[in-house]
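Novice: Dropping the structure in here first, questions after.
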Amino acid sequence: MMTDRLEVEDSTTPLKQDSSWGSISEVVNAPLIDVAQDEWWISIVFFYLTMLLWIVSTLPALCCTCLFCAYLIGSSDCGCSIMFSVLGSVQRGRPLWLAPNIYRGWLSILWAFILNGATRLRLFKWEWQAFGGGEYWYHGEGVWCWSYARVQKILQGVQERKSAFGCVRASIPDMFATNNLVFLPNTGPESEWKYIRWALHQTILADAEKRLTQLKTKLSENWLKPSMNQLNDDTFLQGLVAKSCFWIYFNVWLDDVDTEIVARWNTAAKMCIFPRLVQRIAFNLFINRMKTLREETVGLIEKHGLQKLFYDMNNSLPAQYKRTPVVKLCDEIMFVLCFAGVNGATAGASSCRDFLQCKKPAESDKDNIDFGNYPTPADMEAAYKKNSIRYIKEALRLDPPVTSATTSLATDETISLAGSSRFLEKGTLNQYVLSMSNRDPKEFATPSLFNPDRQDLDKNFTWNGAFGVQSRAEDEQNYPRICPGRYIALDIISTILDMAVGNTSPEQSVPETGGCLGCP
Ligand code: HEM
């Protein structure tokens with residue numbers, strides 16, 4: 001059992017707040033931004049009244065992929081046919097009178113998701129095939145691409161990001177923190193994205209490497225009899241990762257009550273994939289949970305007296321990017337550190353745990369994972385002990401925690417979709433699918449084969465870019481938006497798994513030492 005250990009003197013006494021800090025409750029309850037007309041409450045009422053009609057008209061799309069494509073982009077090049085599709089709605093700014101286009105298109109996608117065992121990678125492949133197996137398919141409010149070459153071009157260039165997630169506009173400011181890092185375009189050295197990312201490196205990530213060296217000791221004090229069996233308890237695993245992340249970020253070892261808050265990001269984040277229309281159909285249940293979670297997460301920062309870090313970060317920003325009040329910046333940063341960081345590391349740890357026992361993770365593309373030369377848990381353990389970092393990278397190539405990400409088209413483009421072509425304006429949402437580019441047969445030999453010794457291992461895009469050969473600086477030069485927590489994640493996962501399997505010769509994840517782990 002984990003013991004309750006707090007690094008603060010009196011966690012129950014709230015710190016006296018400076019008024020410039022502000023109220024997180026006001027941030028999450030601020031007026032809604034960018035709500036499409038087809039998401040208005042009147043549309044939700046209409047949907048409920050006519051729901052049966054949309055269900056009956058969309059179920060056949062599962063057997064007839066032509067119908068599926070027609071609902072999404074129209075059945076022919078004729079303007080009228082396009083107008084009565086999801087694409088037609090999106091091109092007109094999603095007006096109320098075209099709401100049925102969205103109901104039909106998105107319900108069809110929901111059925112396809114269920115048909116594919118609620119597995120994202122399987123859904124993506126199914127949609128890709130439905131649209132003719134070419135470079136693109138349509139889903140949500142935009143186009144999805146998958147090939148390694150195309151994804152690499154996006155990852156190495158300027159990304160015109162928007163407040164969008166899963167290729168639909170994001171529900172802001174109630175579900176997502178409005179200007180969080182992943183929504184900002186990386187348009188150059190003076191961009192808001194660059195300043196915030198740099199501030200993150202200079203503050204929270206600055207001492208991460210030092211704290212990583214103490215992680216094993218901290219875990220050993222709290223996990224007295226490590227075993228794989230115990231790790232099979234998801235709640236326990238989530239707790240270990242949440243404590244480890246908070247330690248690396250803030251030098252604070254959380255007690256079990258606080259840990260439960262951070263670990264809750266794992267479940268809350270799963271509901272973020274649904275657009276506001278669906279959230280409202282579900283009476284905002286998940287949005288309300290997320291608001292509470294964001295309030296409680298900022299509450300942890302306040303409780304542990306960590307506000308200064310965010311003041312420092314805010315002070316380092318040029319005037320036009322400073323947040324008022326400062327709690328807004330805290331919320332944005334905590335959002336990415338939990339949403340991307342805690343979730344990514346937990347999903348990664350649980351996938352590797354399953355691979356070690358020759359189990360295929362619940363949401364993985366099971367039919368396309370071949371354990372090859374490692375048919376037994378003993379073989380897997382030996383492969384892990386041979387090189388734990390290569391093992392983790394290879395398991396997460398096949399089952400990446402972040403399957404795709406959203407940017408937008410940088411120029412107007414005419415794109416071939418399901419045998420016809422569609423003109424898409426600059427700014428149309430564009431999703432790139434990391435889980436599929438990680439299996440592009442043009443780049444990866446026998447892509448479904450689990451092989452930690454593979455030559456092409458470091459080409460994987462699991463962390464939003466490929467690993468460089470020489471140094472971590474190389475990664476960031478080649479892939480500006482590569483995950484700044486990639487080495488932190490590798491180290492947290494390997495430290496936990498090393499303990500579970502009794503690995504006495506841990507591997508070094510970072511190709512060079514010194515400085516901030518994410519910094520160039
Ligand atoms: C196995 C674990 C992890 C994986 C697979 C992963 C993967 C990714 C991916 C694919 C992105 C791009 C997402 C997008 O742009 O929409 C990303 C971004 C990010 N990740 Fe991670 N991540 C992991 C762990 C972490 C950790 C532990 C941290 C903590 C520092 C972290 C911090 C971030 C941040 C701040 C971004 C935004 C970067 C930017 O937009 O410039 N991640 N991560």
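The values are calculated or read from the model by the stated rules, or taken from the named source; none is laboratory data. In this text the structure is predicted, and so the values were computed from the model without any measurement. Here the Cβ is made from the backbone with ideal geometry for all residues, glycine too, and neighbour counts use every protein chain on show.
Each row is one residue, and each column tells you yes or no for (1) within 22 Å of residue 313 (Cα to Cα); (2) aliphatic (A, V, I, L, M); (3) modelled with pLDDT of 95 or more.
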residue: 196; (1), (2), (3): yes, yes, yes
residue: 201; (1), (2), (3): yes, no, no
residue: 219; (1), (2), (3): no, yes, yes
residue: 224; (1), (2), (3): no, yes, no
residue: 236; (1), (2), (3): no, no, yes
residue: 246; (1), (2), (3): yes, no, yes
residue: 272; (1), (2), (3): no, no, no
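Novice: Now a separate question. Looking at residue 374, is it of a type in the set (Phe, Trp, Tyr), more than 16 Å from the ligand (Cβ to nearest atom) and in contact (Cβ under 8 Å) with a residue 40 or more places away in the chain?
Specialist: Working: of a type in the set (Phe, Trp, Tyr): yes; more than 16 Å from the ligand (Cβ to nearest atom): yes; in contact (Cβ under 8 Å) with a residue 40 or more places away in the chain: yes.
Here the answer is yes, as residue 374 does meet what is asked.
Novice: Next question, about the same structure. Take residue 461 and decide whether it is within 18 Å of residue 489 (Cβ to Cβ), in a loop (DSSP other than H, G, I, E, B), in contact with a strand residue (DSSP E or B) (Cβ under 9 Å, 6 or more places away or on another chain) and of a type in the set (A, V, I, L, M, F, W, C).
Specialist: Values: within 18 Å of residue 489 (Cβ to Cβ): yes; in a loop (DSSP other than H, G, I, E, B): yes; in contact with a strand residue (DSSP E or B) (Cβ under 9 Å, 6 or more places away or on another chain): yes; of a type in the set (A, V, I, L, M, F, W, C): yes.
Here the answer is yes, as residue 461 does meet what is asked.
Novice: Please pick out the residue among 319, 263 that is of a type outside the set (Ser, Thr, Tyr) and without any contact (Cβ under 8 Å) to a residue 60 or more places away in the chain. Steps first, please.
Specialist: Numbers: 263 fails: without any contact (Cβ under 8 Å) to a residue 60 or more places away in the chain.
Sole residue among the options that is of a type outside the set (Ser, Thr, Tyr) and without any contact (Cβ under 8 Å) to a residue 60 or more places away in the chain: 319.
Novice: How many residues are acidic (Asp, Glu) and either within 11 Å of the ligand (Cβ to nearest atom) or crowded, with 23+ Cβ neighbours inside 10 Å (or both) if we restrict to the range 458-467?
Specialist: 0
Novice: For the range 486-495, does any single residue satisfy the condition of being at positive phi, within 14 Å of the ligand (Cβ to nearest atom) and of a type outside the set (A, V, I, L, M, F, W, C)? So that I can check it myself, show each step before the final result.
Specialist: Going through the range 486-495, the residues at positive phi turn out to be none.
There is no residue in the range 486-495 that is at positive phi, within 14 Å of the ligand (Cβ to nearest atom) and of a type outside the set (A, V, I, L, M, F, W, C).
Novice: Let me ask you something else. Contact list please: Cβ distance under 8 Å, first residue in the range 110-138 and among the hydroxyl-bearing types (Ser, Thr, Tyr), second residue assigned to a loop (DSSP other than H, G, I, E, B), pairs at least six apart or on different chains.
Specialist: 119/363; 119/364; 119/365; 138/131
Novice: Residue by residue through the range 473-520, note down the ones that are among the polar types (S, T, N, Q), modelled with pLDDT under 80 and crowded, with 17+ Cβ neighbours inside 10 Å.
Specialist: If the condition is that a residue be among the polar types (S, T, N, Q), modelled with pLDDT under 80 and crowded, with 17+ Cβ neighbours inside 10 Å, then 509 is the only one that fits.
Novice: If we keep just the residues of the range 414-434 that are among the hydroxyl-bearing types (Ser, Thr, Tyr) and in a strand (DSSP E or B), which is surrounded by the fewest Cβ atoms within 10 Å (Cβ to Cβ)?
Specialist: Residues of the range 414-434 that are among the hydroxyl-bearing types (Ser, Thr, Tyr), as a first pass: 414, 416, 420-421, 428, 432.
Restricting the remaining residues to those that are in a strand (DSSP E or B) gives 414, 416, 420-421, 432.
Details: 414: 8, 416: 13, 420: 17, 421: 12, 432: 25.
Among residues in the range 414-434 that are among the hydroxyl-bearing types (Ser, Thr, Tyr) and in a strand (DSSP E or B), the one surrounded by the fewest Cβ atoms within 10 Å (Cβ to Cβ) is 414.
Novice: Report whether or not residue 336 is part of a helix (DSSP H, G or I), away from the ligand (no atom under 16 Å from the Cβ) and closer than 26 Å to residue 178 by Cβ.
Specialist: Working: part of a helix (DSSP H, G or I): yes; away from the ligand (no atom under 16 Å from the Cβ): no; closer than 26 Å to residue 178 by Cβ: yes.
When the stated conditions are applied, residue 336 does not pass them.
Novice: Right, here's the next one. When the residues of the range 255-283 are narrowed to those that are touching a helix residue (DSSP H, G or I) at 6+ places or on another chain (Cβ under 8 Å) and of a type in the set (Val, Ile, Thr), which ends up nearest to the ligand (Cβ to nearest atom)?
Specialist: Initially, the range 255-283 is screened for residues touching a helix residue (DSSP H, G or I) at 6+ places or on another chain (Cβ under 8 Å), giving 256, 258-266, 268-269, 271-272, 274-281.
If we keep only those that are of a type in the set (Val, Ile, Thr) as well, we get 259, 261-262, 278, 281.
Values: 259: 16, 261: 17, 262: 12, 278: 20, 281: 25 Å.
Per the stated criteria, the residue is 262.
Novice: Is the range 435-444 home to any residue that is without any contact (Cβ under 8 Å) to a residue 60 or more places away in the chain, within 15 Å of the ligand (Cβ to nearest atom), hydrophobic (A, V, I, L, M, F, W, C) and not in a loop (DSSP other than H, G, I, E, B)?
Specialist: Checking the range 435-444: not a single residue is without any contact (Cβ under 8 Å) to a residue 60 or more places away in the chain, within 15 Å of the ligand (Cβ to nearest atom), hydrophobic (A, V, I, L, M, F, W, C) and not in a loop (DSSP other than H, G, I, E, B).
Novice: For the range 228-257, which residues satisfy the criterion of being among the acidic types (Asp, Glu) and either under 23 Å from residue 361 (Cβ atoms) or surrounded by 23 or more Cβ atoms within 10 Å (Cβ to Cβ) (or both)? Give the steps one after another, and end with the answer.
Specialist: Applying the first criterion (among the acidic types (Asp, Glu)) to the range 228-257 yields 233-234, 255-256.
233, 234, listed by residue number.
Novice: Shifting gears a bit: Determine which single condition residue 363 fails, assuming it passes every other condition in (1) surrounded by fewer than 20 Cβ atoms within 10 Å (Cβ to Cβ); (2) more than 16 Å from the ligand (Cβ to nearest atom); (3) over 18 Å from residue 137 (Cβ atoms).
Specialist: Against the list (1) surrounded by fewer than 20 Cβ atoms within 10 Å (Cβ to Cβ); (2) more than 16 Å from the ligand (Cβ to nearest atom); (3) over 18 Å from residue 137 (Cβ atoms), residue 363 comes up short only on (2).
Novice: State the number of residues belonging to the range 400-413 that are in a strand (DSSP E or B), more than 8 Å from the ligand (Cβ to nearest atom) and not hydroxyl-bearing (Ser, Thr, Tyr).
Specialist: 1
Novice: Here are some conditions: (1) within 12 Å of the ligand (Cβ to nearest atom); (2) more than 20 Å from the chain's Cα centre (by Cα); (3) of a type in the set (Val, Ile, Thr); (4) modelled with pLDDT of 95 or more. Residue 102 meets all but one. Which one does it not meet?
Specialist: (1)
Novice: Which residues, taken from the range 448-458, are part of a loop (DSSP other than H, G, I, E, B) and in contact (Cβ under 8 Å) with a residue 40 or more places away in the chain? First the steps, then the outcome.
Specialist: Just the residues of the range 448-458 that are part of a loop (DSSP other than H, G, I, E, B), to begin with: 448, 450-456.
Result: 448, 450, 451, 452, 453, 454.
Novice: Moving to a separate point now. Please tell me if residue 328 is surrounded by 18 or more Cβ atoms within 10 Å (Cβ to Cβ), away from the ligand (no atom under 16 Å from the Cβ) and charged (D, E, K, R). Please lay out each step first, then the result.
Specialist: Values: surrounded by 18 or more Cβ atoms within 10 Å (Cβ to Cβ): yes; away from the ligand (no atom under 16 Å from the Cβ): yes; charged (D, E, K, R): yes.
Against the criterion (surrounded by 18 or more Cβ atoms within 10 Å (Cβ to Cβ), away from the ligand (no atom under 16 Å from the Cβ) and charged (D, E, K, R)), residue 328 qualifies.
Novice: Residues that are away from the ligand (no atom under 12 Å from the Cβ) and under 24 Å from residue 302 (Cα atoms): which helices (runs of 4 or more DSSP H) entirely in the range 170-254 hold 1 or more of them? Walk me through it before giving the result.
Specialist: Numbers: elements: 192-202, 208-222, 228-231, 234-250.
By residue number, 192-202, 208-222, 234-250.
Novice: Of all residues in the range 448-457, which are under 13 Å from residue 369 (Cβ atoms) and surrounded by fewer than 19 Cβ atoms within 10 Å (Cβ to Cβ)? Reasoning before the result, please.
Specialist: Pass one, the range 448-457, residues under 13 Å from residue 369 (Cβ atoms): 448-451.
Correct list: 448, 449.
Novice: Is it true that some residue in the range 268-282 is over 25 Å from residue 172 (Cα atoms), free of Cβ contacts under 8 Å to residues at least 12 places away in the same chain and exposed (fewer than 15 other Cβ atoms within 10 Å of the Cβ)?
Specialist: If we filter the range 268-282 for residues that are over 25 Å from residue 172 (Cα atoms), which is where we start, we get none.
For the range 268-282, residues over 25 Å from residue 172 (Cα atoms), free of Cβ contacts under 8 Å to residues at least 12 places away in the same chain and exposed (fewer than 15 other Cβ atoms within 10 Å of the Cβ): absent.
Novice: Right, here's the next one. Output the number of residues of the range 352-399 satisfying the condition of being of a type in the set (Val, Ile, Thr) and part of a loop (DSSP other than H, G, I, E, B). Walk me through how you get there before you give the answer.
Specialist: Pass one, the range 352-399, residues of a type in the set (Val, Ile, Thr): 369, 376, 389, 392.
Now narrow it down to the ones that are part of a loop (DSSP other than H, G, I, E, B): 369, 376.
Number satisfying all stated conditions: 2.
Novice: Quick one: count up the residues across the range 468-485 that are touching a residue at least 60 places away in the same chain (Cβ under 8 Å) and more than 12 Å from the ligand (Cβ to nearest atom). First the steps, then the outcome.
Specialist: At the first step, the residues of the range 468-485 found to be touching a residue at least 60 places away in the same chain (Cβ under 8 Å) are 478-485.
Narrowing the set further to residues that are more than 12 Å from the ligand (Cβ to nearest atom) leaves 478.
So the answer is 1.
Novice: Output yes when any residue across the range 149-161 is in a loop (DSSP other than H, G, I, E, B) and charged (D, E, K, R), and no when none is.
Specialist: The answer is yes; a qualifying residue exists.
Novice: Residue 75 - would you say it is among the hydroxyl-bearing types (Ser, Thr, Tyr), at pLDDT 95 or above and closer than 20 Å to residue 140 by Cβ? Lay out the reasoning, then the answer.
Specialist: Values: among the hydroxyl-bearing types (Ser, Thr, Tyr): yes; at pLDDT 95 or above: no; closer than 20 Å to residue 140 by Cβ: yes.
Here the answer is no, as residue 75 does not meet what is asked.
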